[in-house]
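The values are calculated or read from the model by the stated rules, or taken from the named source; none is laboratory data. Keep in mind it's a predicted model, so treat the numbers as computed, not measured. Don't worry about glycine lacking a Cβ; one is built from the backbone with ideal geometry, like all the others, and counts go over all protein chains shown.
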Amino acid sequence: MNRYQSIDGLVSADGATQNRQIYWNEDIYQQELEQVFARSWLFLTHDSMIPNPGDFVTAFMGEDRVIVARGRDGTVRAFLNSCNHRGNIVCRADSGNARSFVCNYHGWAYGLDGALVNVPLEADIYGEGFDRSTLGLKSVRVESHRGFLFGNFDASAPSLVDYLGEMAWYFDTFMDVPGGSELLGPPIKVRIKANWKFFAENFVGDFYHAGWTHAAALEVIGGALAAVSGNKMVAPGFQFATTFGHGFNASPGTDEMFPHVHQGEIARQFEDWMRSRIPVVRERLGKERASIYNAIWDGTMFPNTSFLRGIDTWKVWQPRGPKELEVWTWTLVERDMPEALKQGIRHTNEKTFGAAGMLEGDDGENMEGNTHSSAGWVTRNERLNSEMGLGNDGPHPDFPSQVSEPADNEAAQRNFLRMWETMMTARDWDEIMAVRRGEHGT
């Protein structure tokens with residue numbers, strides 16, 4: 001008997017319509033934890049958060065708690081945060097520096113590599129057959145892209161760079177600048193009663209909502225984005241959809257027009273920085289990526305890592321059931337920026353997408369409404385629609401992924417949902433890669 005909930009027909013073949021059960025049903029959610037989160041590359045932390053031996057952070061992969069620690073040899077490792085004796089949480093701190101991790105139930109101690117290194121009274125109460133070497137904390141694959149650290153439980157999954165596919169080329173637009181990029185933390189954490197996918201989809205390509213949902217805020221903020229406030233115009237730019245479900249919008253500026261949401265002195269410093277960096281990026285990465293380096297981006301790396309350029313936020317949508325999530329928010333900056341500019345960008349991020357951010361509050365209200373309207377049986381059986389721009393995406397001479405215009409589009413959402421459906425139904429990564437590469441011709 002198939003132990004999985006049937007996914008057939010829940011997402012249409014072109015991704016344009018969806019059954020609301022995928023945002024509501026508990027069985028589907030449990031299947032997501034196994035089929036999506038336990039097989040995908042998930043964001044853990046950034047190198048800059050754990051620079052020294054013994055530094056650690058705790059994180060989540062789906063609902064699995066993990067510890068991410070830098071060993072004495074400088075290697076970053078990750079492992080489950082659950083004692084193999086009776087299952088207690090081993091480390092309850094969000095971050096710190098440690099020589100080992102000791103469970104507060106019975107005192108079992110684990111090293112920075114997750115190995116079980118001490119058991120109280122071991123010689124007195126355990127027999128000769130007790131083997132500590134088999135009782136270390138389950139390890140997680142850890143790989144880095146430009147200092148951004150990701151984990152994966154699945155030994156058969158492709159490498160991180162292969163999983164990113166075309167998205168690695170786009171990420172490098174801001175990650176592979178001189179000095180690289182980093183995150184400012186610790187992350188802000190907020191609970192919202194909504195399905196995690198609504199947020200991931202909103203960031204993967206929904207520029208359409210910005211002019212309406214955020215109209216009042218954009219009028220206050222001013223600058224280039226105020227032009228779309230109240231849907232006064234179609235958002236210019238491109239939408240990008242990659243093989244493995246990652247995607248984003250980019251609405252570019254010019255050498256003298258810089259799309260962002262900073263204000264006052266922060267805006268002046270940011271524009272001076274961009275003015276000085278655009279020629280550097282053009283020389284280093286080429287004119288194509290320079291053209292989108294100076295742009296507002298809203299994007300998602302499948303399944304639950306999102307980011308905004310020009311607002312400079314980095315987010316993870318941590319699922320807490322089908323109807324609730326925890327939002328973790330860092331500030332995204334370039335490492336070589338002056339410290340005053342970094343702190344100014346942090347201020348903007350907290351003002352717009354922090355716990356009480358003017359844009360975060362708008363989105364949270366919408367996503368809760370999207371989710372909990374499905375409490376009604378009749379409502380839950382009405383399909384959702386993502387047809388905007390259907391059939392307008394395709395190859396582009398300057399960019400490596402599927403591209404569509406304008407930025408007001410839903411191609412990336414449809415692509416995200418098709419990736420979700422593939423992962424929910426595929427037996428293994430060989431099947432996932434064959435389906436996705438066949439669809440994208442990569």
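List of remarks:
- Within segment 11-23, residues that are surrounded by fewer than 18 Cβ atoms within 10 Å (Cβ to Cβ) reach partners that are part of a helix (DSSP H, G or I) with beta carbons closer than 7 Å, at six or more positions or on different chains, in the pairs D14/R414; Q21/I28; Q21/R380.
- In summary, A115 fulfils each of the numbered conditions (1) hydrophobic (A, V, I, L, M, F, W, C); (2) closer than 21 Å to A155 by Cβ; (3) under 28 Å from the mean Cα position of the chain (by Cα); (4) surrounded by fewer than 21 Cβ atoms within 10 Å (Cβ to Cβ) with the single exception of condition (3).
- Remark: pairs (first residue in segment 213-237, at positive phi and among the small types (G, A, S); second residue surrounded by 20 or more Cβ atoms within 10 Å (Cβ to Cβ) and assigned to a helix (DSSP H, G or I); Cβ separation under 9 Å; 6+ apart in sequence or on different chains) = G230/G211; G230/L218; G237/I292.
- Qualifying residue in segment 358-377 (condition: part of a loop (DSSP other than H, G, I, E, B) and over 23 Å from the mean Cα position of the chain (by Cα)): yes
- The lone criterion from (1) of a type outside the set (S, T, N, Q); (2) modelled with pLDDT under 95; (3) surrounded by 15 or more Cβ atoms within 10 Å (Cβ to Cβ) left unmet by H46 is number (2).
- Filter pass, F130 being surrounded by 14 or more Cβ atoms within 10 Å (Cβ to Cβ) and either in contact (Cβ under 8 Å) with a residue 40 or more places away in the chain or among the hydrophobic types (A, V, I, L, M, F, W, C) (or both): no
- Qualifying residue in segment 177-197 (condition: of a type in the set (A, V, I, L, M, F, W, C), part of a helix (DSSP H, G or I) and closer than 30 Å to S95 by Cα): yes
- Of the residues making up segment 386-442, those that are among the aromatic types (F, W, Y) and closer than 21 Å to L10 by Cα number 2.
- Candidates N415, N349, N409, N385 - the one that is surrounded by fewer than 19 Cβ atoms within 10 Å (Cβ to Cβ) and either in contact (Cβ under 8 Å) with a residue 24 or more places away in the chain or touching a helix residue (DSSP H, G or I) at 6+ places or on another chain (Cβ under 9 Å) (or both): N385
- Hits in segment 202-258 - residues which are of a type in the set (D, E) and surrounded by 15 or more Cβ atoms within 10 Å (Cβ to Cβ): D206
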